[in-house]
Amino acid sequence: MRYFVQVAELRSFSRAALHIRIAQPALSRQVRKLEEELGVELFIRSSRGLRLTTAGEQLLRKAYVVLDQMEEISSSLRAGGERISGTVSIGVPPAAGEMLVPPVLISCDDAYPDLRVDIVEGFSGFLYERILGHELSLAVLHNPVPHRDLDIIPLISENMYLVGPAEPTRLLAPASEVRSLRGVPLILPNRPHSLRVLVETTMVENNMPTNLIRHVDGLVIIRSMLRAGLGYSVLTYGSVHRDVRAGVLSARLLDDPPISWKLCLVQRKDARHREAVGAVIDILLAEVQKLVKNGVWRGLPQLPSDVATAP
């Protein structure tokens with residue numbers, strides 16, 4: 001099954017053989033044996049390479065689940081079957097990850113020392129594709145599109161702030177009404193980043209042009225540009241709370257009308273059975289609640305009603 005997955009992902013017997021360090025003829029025999037056992041063809045072979053048949057695509061989806069189960073069983077047996085173990089990978093966008101990842105990892109290490117948690121940072125669109133492709137166990141996403149293979153748990157509806165230099169001498173310091181964004185020089189990510197789509201949609205709804213002066217796909221760089229007085233951006237408070245508290249950035253709530261986006265926790269439905277994933281979800285929900293309670297994460301909590309109160 002692992003051999004099949006490698007060939008399916010790389011679309012090449014030769015590349016798969018190099019990756020898993022096995023002779024190509026032996027690899028081909030193993031895949032052919034699997035096809036004979038199942039009674040179906042898994043690949044269409046042509047001069048242009050390999051592509052999966054319909055049966056192959058179905059098997060690939062199921063193979064990821066089976067291999068995840070085997071990894072969890074193996075880890076559990078090595079740990080004596082009494083403690084939660086295995087590997088859980090979490091995809092997080094930059095701002096949410098900066099706040100959420102450290103406390104989640106600390107809590108996971110304290111509660112489940114045999115559990116390994118891997119972190120992948122990326123924008124929501126990138127992470128959405130990764131979790132659909134079975135490359136992540138969980139993902140924290142902004143405004144995820146519903147999908148039949150995904151469970152979506154709302155976490156928080158985040159309010160958006162106009163963020164700029166602490167003492168804006170070179171640029172206009174606008175009021176908190178959305179209409180006051182007219183003409184403000186904005187620094188935003190490229191499309192299809194959900195923040196860019198959200199801001200531009202809001203501007204269109206209010207019959208205002210967007211004065212976009214820079215396209216920057218990186219929160220760290222955007223913050224540095226704001227501190228240098230090179231423009232403004234529309235961000236969540238959590239993404240700049242340290243700079244605001246340090247007095248190097250200003251943040252004004254855009255509340256007339258409010259601009260908000262929903263942050264959600266996403267998991268694959270076929271991962272519901274994994275004890276390790278469930279344990280990480282519980283910790284993640286508790287840490288989100290704690291951040292909201294402490295005022296670091298500003299917005300309307302959307303957590304499920306059965307989430308335990310964070311200590």
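The values are calculated or read from the model by the stated rules, or taken from the named source; none is laboratory data. Predicted, not measured: the structure shown is a model, and the values here were computed from it. Here the Cβ is made from the backbone with ideal geometry for all residues, glycine too, and neighbour counts use every protein chain on show. SASA here: full protein model, heavy atoms, side chains in, ligands and nucleic acids out. Shrake-Rupley method; radii C 1.70, N 1.55, O 1.52, S 1.80 Å.
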The range 258-275 and the range 216-246 have their Cα centres apart by a whole-number Å value of 26
Stretched fully, the stretch from Arg191 through Val120 gains (0.36 nm per residue minus C-alpha distance, one decimal, in nm) 23.5 nm
Under the rule rounded for a/c under 1.5, else prolate if a/b exceeds b/c, else oblate, using alpha carbon gyration tensor axes a ≥ b ≥ c, the range 34-151 is classed as oblate
Of all DSSP beta bridges with both partners in the chain, the antiparallel percent, nearest 5, is 70
Yeah, the range 168-267 with a ≥ b ≥ c from its alpha-carbon gyration tensor (a/c under 1.5 is rounded, else prolate when a/b outruns b/c, oblate otherwise) is rounded
Non-local residues with an amide H under 5 Å from the amide H of Trp297, with H modelled 1.01 Å from N and Pro and chain starts lacking one, are Val292
Which of (i) 29; (ii) 15; (iii) 18 is the computed percent of Cα pairs over 38 Å apart? It is (i)
For the Thr87, Arg182 Cβ pair and Förster radius 35 Å, calculated FRET efficiency rounded to 0.05 is 0.10
Listed by chain and number, the residues whose amide H is under 5 Å from that of Leu249, excluding neighbours fewer than 5 places away on the same chain and using placed H, are Ala166, Val244
In terms of the charge dipole of the range 1-112, which places +1 on Lys and Arg and -1 on Asp and Glu at the beta carbon, the residue among Leu34, Leu50, Leu60 farthest towards the positive end is Leu50
Of all trypsin sites (Lys or Arg not before Pro) in the range 241-276, the ones in DSSP coil with at most 16 other Cβ atoms within 10 Å are Arg272
Within the range 25-63, the residues whose backbone N lies under 14 Å from a label point placed 7 Å from the Cα of Ser14 along the Cα-to-Cβ direction are 25, 46-50
Expected vector for the range 107-118, Karplus 3J(HN,Hα) from phi with 6.51, -1.76, 1.60 and θ = phi - 60°, integer Hz, x for Gly and Pro, equals 5, 5, 4, 5, 7, 9, x, 8, 9, 9, 10, 9
Subtracting the Cα-Cα distance of Glu57 and Leu300 from 0.36 nm times their residue separation yields 83.5 nm
Checking rank on 36-44, 182-190, with mean other Cβ inside 10 Å and highest first, the result is 182-190, 36-44
Scalar couplings 3J(HN,Hα) for the range 57-67 by Karplus 6.51 cos²θ - 1.76 cosθ + 1.60 (θ = phi - 60°), nearest whole Hz, x for Gly and Pro, are 5, 5, 5, 4, 4, 6, 5, 4, 5, 4, 5
Dividing the helical contributions, -39500 (n - 2.57) per DSSP H run of n ≥ 4, by the residues of the chain yields a 222 nm value, nearest 500 deg cm²/dmol, of -13000 deg cm²/dmol
Rounded to whole Å², per residue accessible area for the chain with a 1.4 Å probe reads 51
Once Lys and Arg are counted +1 and Asp and Glu -1 for all other residues with Cβ under 11 Å from that of His193, the total becomes 0
Simple spin-label estimate for Arg148/Ile221, 7 Å along Cα→Cβ, in nm, reads 4.0
For the Thr201, Asp255 Cβ pair and Förster radius 22 Å, calculated FRET efficiency rounded to 0.05 is 0.80
Rounded to a whole %, the carbon-and-sulfur portion of the accessible area of the chain at a 1.4 Å probe is 51
Residue span Ser74 to Val40: 0.36 nm per residue of separation minus Cα-Cα distance leaves a gain in nm of 9.3 nm
Summed over the other residues with a beta carbon less than 13 angstrom from that of Arg11, with K and R at +1 and D and E at -1, the charge totals +2
When the chain is treated as a Gaussian network with springs between alpha carbons less than 10 Å apart, the largest mean-square fluctuation among Arg11, Arg196, Arg298 is found at Arg11
